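Structure, as structure tokens:
The values are calculated or read from the model by the stated rules, or taken from the named source; none is laboratory data. Just so it is clear, the model here is predicted, and its values are computed rather than measured. When we count neighbours, we look across all protein chains shown, and the Cβ atoms used for this are built from the backbone with ideal geometry, even at glycine. Remember, those area values only see protein heavy atoms, side chains included, never the ligands or the DNA or RNA. Shrake-Rupley method; radii C 1.70, N 1.55, O 1.52, S 1.80 Å.
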Amino acid sequence: MRRCAFLTMLDPSGFVMDDELAHEPLRALGWQVESVPWQEPEVRWADYEAVVIRSPWDYHAQPDAFLSVLAAIERSGARLENPLDLVRWNLPKTYLRELAARGVATLPTLWRDGLRPGDLERLFDEIGSPEIVVKPVVGAGSVGVHRLDREAARRQADELLAYFAKRPLLAQPLARAVLEEGEYSLFYFNGAHSHTISKTPRDGDFRVQEEYGAEIRRITADAELRAAGQAVLRALGSEPLYARADFVRSNDGDSYWLMELELIEPALYLRMDPEAPARFARALHDRVTGSVTPLS
């Protein structure tokens with residue numbers, strides 16, 4: 001049996017994970033899969049033919065340590081998916097700026113190295129929106145994300161200035177469609193579209209993670225949304241083992257904006273499509289072995 005490690009976290013409590021759904025399809029293809037926390041000391045990575053980054057959702061608290069572990073995995077000779085160079089590129093959200101320069105329609109964004117007194121008011125003026133969202137450039141799971149109107153910005157000014165004093169951030173207009181119809185996630189395995197979901201926040205919230213009570217539904221992506229996803233993959237210029245492209249309808253309603261392109265540890269929502277676990281398993285198997293098994 002080939003050995004594969006799914007990279008995860010020491011304490012998964014409070015998170016919804018379904019990566020285990022891919023274990024049986026991989027076993028049928030001759031793989032033994034183990035879940036290994038990325039913080040686990042003295043792991044013999046060379047014992048694994050492949051290490052797949054799956055649910056290390058606490059890495060953003062120690063990004064340098066996380067990258068060091070990934071570098072050790074690559075040095076061991078194990079195949080790391082997605083590879084380290086792609087992880088390094090995708091870790092800071094500045095990749096959105098690069099994709100925008102390549103013609104991808106992204107949510108309009110301002111970039112700052114940190115916040116100083118008076119900066120918040122200027123962000124509202126520059127963005128030209130009554131509500132904005134402020135995020136750390138390196139982050140995950142909505143940690144450090146703030147939805148603000150001018151009054152909330154005044155109330156939280158001290159907290160925000162302290163948090164972002166030496167932390168790079170990005171600011172965007174609130175995408176109204178997130179509240180009205182939710183966010184859309186398209187999943188790709190080896191560049192082939194697998195499935196699509198919508199994520200709608202609960203009343204009074206704007207976060208679309210299910211840990212915050214969002215409603216998750218499997219949907220059929222319309223032609224325009226599928227085309228937007230393909231445009232992102234073309235701009236990326238490579239076909240990673242897995243990719244999740246998160247979109248929201250633009251504020252003028254005429255197109256879709258890319259919110260995030262998740263290439264490090266996206267939840268793949270395998271449970272939302274009965275064929276998705278097998279598609280993922282075949283994609284990994286084909287990638288490692290070089291065989292040609294069509295993805296349905």
Neighbours by Cβ (under 6 Å, 6+ apart or cross-chain): first from region 256-271, without any contact (Cβ under 8 Å) to a residue 12 or more places away in the chain; second outside any loop (DSSP other than H, G, I, E, B) and open to solvent by 10 Å² or more (accessible area, probe 1.4 Å): none
Residues within region 240-259 that are among the acidic types (Asp, Glu) and at pLDDT 95 or above, tallied: 1
Selected residue [more than 30 Å from Glu275 (Cβ to Cβ), open to solvent by 20 Å² or more (accessible area, probe 1.4 Å) and either modelled with pLDDT under 95 or among the aromatic types (Phe, Trp, Tyr) (or both)] from Trp57, Trp45: Trp45
So Asp18, is it within 19 Å of the chain's Cα centre (by Cα), open to solvent by less than 20 Å² (accessible area, probe 1.4 Å) and charged (D, E, K, R): yes
Pair list, Cβ < 7 Å and 6+ apart or interchain, from region 219-231 residues that are farther than 14 Å from His195 by Cβ to residues that are outside any loop (DSSP other than H, G, I, E, B) and open to solvent by less than 80 Å² (accessible area, probe 1.4 Å): Glu224/Tyr256; Ala228/Phe247; Ala228/Tyr256
Residue in region 70-85 that is nearest to Val134 (Cα to Cα), counting only those that are among the hydrophobic types (A, V, I, L, M, F, W, C) and crowded, with 20+ Cβ neighbours inside 10 Å: Leu70
Any hit, region 139-150, residues being of a type in the set (Ser, Thr, Tyr) and over 17 Å from Trp257 (Cα atoms): yes
Tabulated pairs, region 55-76, first within 20 Å of Leu268 (Cα to Cα), second acidic (Asp, Glu) and assigned to a loop (DSSP other than H, G, I, E, B), C-beta under 9 angstrom, 6+ apart or interchain: Ser55/Glu265; Pro56/Glu265; Trp57/Glu265; Asp58/Asp11; Tyr59/Glu265
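Residue by residue, here is whether (1) at pLDDT 90 or above; (2) in a loop (DSSP other than H, G, I, E, B); (3) loosely packed, with under 15 Cβ neighbours inside 10 Å holds:
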residue: Ser129; (1), (2), (3): yes, yes, no
residue: Ile132; (1), (2), (3): yes, no, no
residue: Lys135; (1), (2), (3): yes, no, no
residue: Gly141; (1), (2), (3): no, yes, no
residue: Gly144; (1), (2), (3): no, yes, no
residue: Ala153; (1), (2), (3): yes, no, no
residue: Asp158; (1), (2), (3): yes, no, yes
residue: Ala162; (1), (2), (3): yes, no, yes
residue: Arg167; (1), (2), (3): yes, yes, no
Region 1-21, residues that are more than 20 Å from Val43 (Cβ to Cβ) and in contact with a Leu (Cβ under 8 Å, 6 or more places away or on another chain): Asp18, Leu21
